[in-house]
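Heads up, the thing below is written out as structure tokens.
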Amino acid sequence: MKTLHRAAWLLALAATLPSCKHLARSLVPHLERWSNGLTKREGRIENGLQTGEWTYYYESGQRRAHGRYEQDHQVGPWTYWFENGGVEWTGGYDERGKRTGEWTFFRPDGTVRARGRYIADFEDGPWEFFGDSGALDRNGQYDNGLLSGPWTYYHADGSRKAEGLCWRGQRIGRWQLRDAAGKETVQDFGTRPGVTIALESWPNGARRRTGAVQDGKPVGRWTSWHDNGVLAFCCTLQGAVASGVFEARDPAGNVTGAGVFGDAAAAEPVAALAADLARPLDATALLARVETPPPPPPAAAAITTEIAAEPERIGAPMQPAMTVLQEQEKEDYVQNYLEGQSPRRPSLRKYAPAPGVQVSGQRRRADLEGKLLPIDVLKAVDGGEVDLRQLRGKKRVLLVVLRGYVGEVCVYCVAQTEALARCKQELEALDLEVLVLYPGAKENEKSFEQAYAMTFGKGAPPYRVFYDPDLAVVRQLGISGDLAHPTTIVVDEQGIVQYAYVGEHRADRPAAKDLMKFIRGLGQ
């Protein structure tokens, strides 16, 4: 009997060996070091993709970032540190690698810079921003990344500077403004077509609930208060349907409920509060609509200029590095963008949209070719600007618009720009002005400058690099999509577009050898 048991045990062990060997092949530790021998990053690789916990380090040895990866995407809680050891930010990512949940940003001295919630990379619900001294600078709410609902701005001494309502990223209605001496003025920002402001009050005159009404239905962020002025409840409303981040507080200001609608367990206890917020309005609560605002009083100009200058969003944090797989494949991508695709290298086609998914890139754009380039001036990352009009009659221009920056410079953009850098002599021989443009949100510009310095820290590329804040150039060219469809444009000496290639997807870009062949042909 013992012999039979031992034989069965050995057979079972033998059956597990193939899977163990496969595990050993697919799940392996990964360690990279700086040139000084200190650890640069460490974690695990599964089937070529980063997985599990990873830690990144500065060259000094100080931790830089720590969190989890799944299938090469950052997921769950992450923490980043300044090189002085202080926390830079803490937050989380969803299964798609998008910012989600509660985030807090710090300054190098440890003071809080901002805090609030994200849903799929967009701010939602209440947020607070703090000045350099640590004092509250402004607070309010977002609806899908846009200012929405009541916002308040503060002077350095904590007194209120400005307060009023926002809707879809715009200030609307009457705002109360106070200068540093306490003098009050009112500026009416007006409303928008079909939009009315609702303001319901308690019997003691304190505001009870407010929000915007469009075509008779509540829209955007709505807020209610207790009769002592403390926030009671807030959420996003679309008619009677509540959504987004919600927060409930008792009259003492203690948070009694917070979460996101869509999570039934979290939203159920506040369902009654949401229903009360969305109940029908009395006609007296609807303020007179003013679609064309009157000129602001002179005393309000300085204050409104100040609050308009405040950045509306925190920039996307710069990611620690390309993934291990991306770095391993980058050279193949560079060769693809130099020579064209080859069966000997991984095909970029595997990164095209799945079958059945409609794409908006159009390859050659006949509507742009044969016309003047609809862009005059570009501002460079390294300072200064280029006036394209001054190049007419002197130089041809190669304008490369990359997919864009969202906290990381994608491997395809890095590979394409490196391919161009390797063509330095050929480009110079063509007497060509090469301009590379990264589109991105305005608030991400400083983060992009950090990423740019890290990517080209050992020497600037042989071309000028530009940032397109809020995708103004992208809209002019009509190439919007997943930030921007990567686009390559050749302009002749007269400023006429001779070649315009708009990629079908983020990896679709023309080979440098084909571009240079086309450009040489322009001179014949």
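Would you work out the charge dipole size for the chain about its Cα centre, treating the Cβ of every Lys and Arg as +1 and the Cβ of every Asp and Glu as -1, and quote it to the nearest 20 debye?
That gives a dipole near 1240 debye.
For the stretch 498-514, take each phi angle, set θ = phi - 60°, evaluate the Karplus expression 6.51 cos²θ - 1.76 cosθ + 1.60, and give the result in whole Hz per residue in order, putting x for glycine and proline.
For the stretch 498-514, the Karplus-derived couplings read 9, 8, 9, 10, 10, x, 6, 8, 5, 9, 8, 9, x, 6, 4, 5, 5 Hz, x marking Gly and Pro.
For Thr256, which sequence-distant residues (separation of 5 or more, or a different chain) have an amide H within less than 5 Å of its own amide H, given hydrogens modelled in the peptide plane?
Ala248, Arg249, Asp250
Hey, what did the chain get for relative contact order, percent, Cα under 8 Å, at least 6 apart?
8
Please report, in debye to the nearest 20, how large the charge dipole of the stretch 146-208 is about its Cα centre when each Lys and Arg carries +1 at its beta carbon and each Asp and Glu carries -1 there.
That gives a dipole near 140 debye.
What do you get for GluC sites (Glu not before Pro) in the stretch 69-178 restricted to DSSP loop and a cutoff of at most 11 other Cβ within 10 Å of the site's Cβ?
Sites meeting the loop and neighbour criteria: Glu95.
Which ordering of Ser26, Ser243 is given by a fewest-first count of other beta-carbon atoms within 10 Å?
Ser26, Ser243
Among Gly173, Phe233, Ala300, whose Cα sits farthest toward the positive end of the charge dipole of the chain (+1 at Cβ of Lys/Arg, -1 at Cβ of Asp/Glu, about the Cα centre)?
Toward the positive end, the furthest listed residue is Phe233.
Positive end of the dipole of the stretch 98-309, charges at C-beta (+1 Lys, Arg; -1 Asp, Glu), about the Cα centre: which of Leu147, Pro203, Gly253 has its Cα farthest in that direction?
Leu147
Whose amide H sits under 5 Å from the amide H of Arg44, counting only residues 5 or more places off or on another chain, with H placed in the peptide plane?
Residues meeting the amide H criterion: His30, Thr51.
For the chain, give the share of DSSP beta bridges that are antiparallel, in percent and rounded to the nearest 5; count only bridges with both residues there.
DSSP beta bridges in the chain are roughly 90 percent antiparallel.
In sequence order, what are the phi-derived ³J(HN,Hα) couplings for the stretch 101-108 according to the Karplus relation 6.51 cos²θ - 1.76 cosθ + 1.60 with θ = phi - 60°, rounded to whole Hz, with x for glycine and proline?
After applying 6.51 cos²θ - 1.76 cosθ + 1.60, I find x, 7, 10, 9, 10, 10, 9, x Hz.
Ranking His485, His66, His30 by Cβ neighbours within 10 Å, fewest first, what do you get?
Placing the least packed residue first, the sequence is His30, His66, His485.
Mind putting a number on the dipole of the stretch 98-309 about its Cα centre? Charges go on the C-beta only, +1 for Lys and Arg and -1 for Asp and Glu, and I need it in Debye to the nearest 20.
That gives the stretch 98-309 a dipole magnitude of about 300 debye.
Give the order of Ser224, Ser35 when sorted by the count of other beta carbons within 10 angstrom, beginning with the fewest.
Neighbour counts put them in this order, fewest first: Ser35, Ser224.
What shape does the stretch 98-309 have by the C-alpha gyration tensor, where a ≥ b ≥ c are the square roots of the eigenvalues, rounded means a/c under 1.5, and otherwise prolate means a/b greater than b/c and oblate the rest?
Judged from the Cα gyration tensor, the stretch 98-309 comes out oblate (a/c at least 1.5, b/c at or above a/b).
Divide by every residue of the chain the summed helix terms, -39500 (n - 2.57) for each DSSP H run of at least 4, and state the resulting mean residue ellipticity at 222 nm, rounded to the nearest 500 deg cm²/dmol.
Result for the chain, helices only: -6500 deg cm²/dmol.
Work through the residues other than Arg475 whose Cβ is under 14 Å from its Cβ and net out their charges, Lys, Arg +1 and Asp, Glu -1.
Charge balance near Arg475 sits at -1.
So who's got an amide H within less than 5 Å of the one on Glu88, skipping anything under 5 residues away but keeping other chains? H placed 1.01 Å off N, in plane.
Tyr80, Trp81, Phe82
Evaluate the relative contact order of the stretch 98-309 (contact order divided by residue number), counting alpha-carbon pairs under 8 angstrom at least 6 apart; express in whole percent.
14
Of the listed values [x] 73; [y] 38; [z] 49, identify the label whose number matches percent of Cα pairs over 35 Å apart calculated from this model.
[z]
Enumerate the calculated ³J(HN,Hα) couplings along the stretch 34-48 in order (Karplus 6.51 cos²θ - 1.76 cosθ + 1.60, θ = phi - 60°), each rounded to whole Hz, writing x wherever the residue is Gly or Pro.
With the stated coefficients, the stretch 34-48 comes to 6, 5, 8, x, 7, 5, 9, 7, 8, x, 10, 10, 10, 6, x Hz.
The numbers here are math on the coordinates, done by the rules we state, and not lab data. Nothing here was measured: the structure is a model prediction, and the numbers come from that model. Cβ coordinates were reconstructed from backbone atoms using ideal geometry, including for glycine residues, and neighbour counts include every protein chain displayed.
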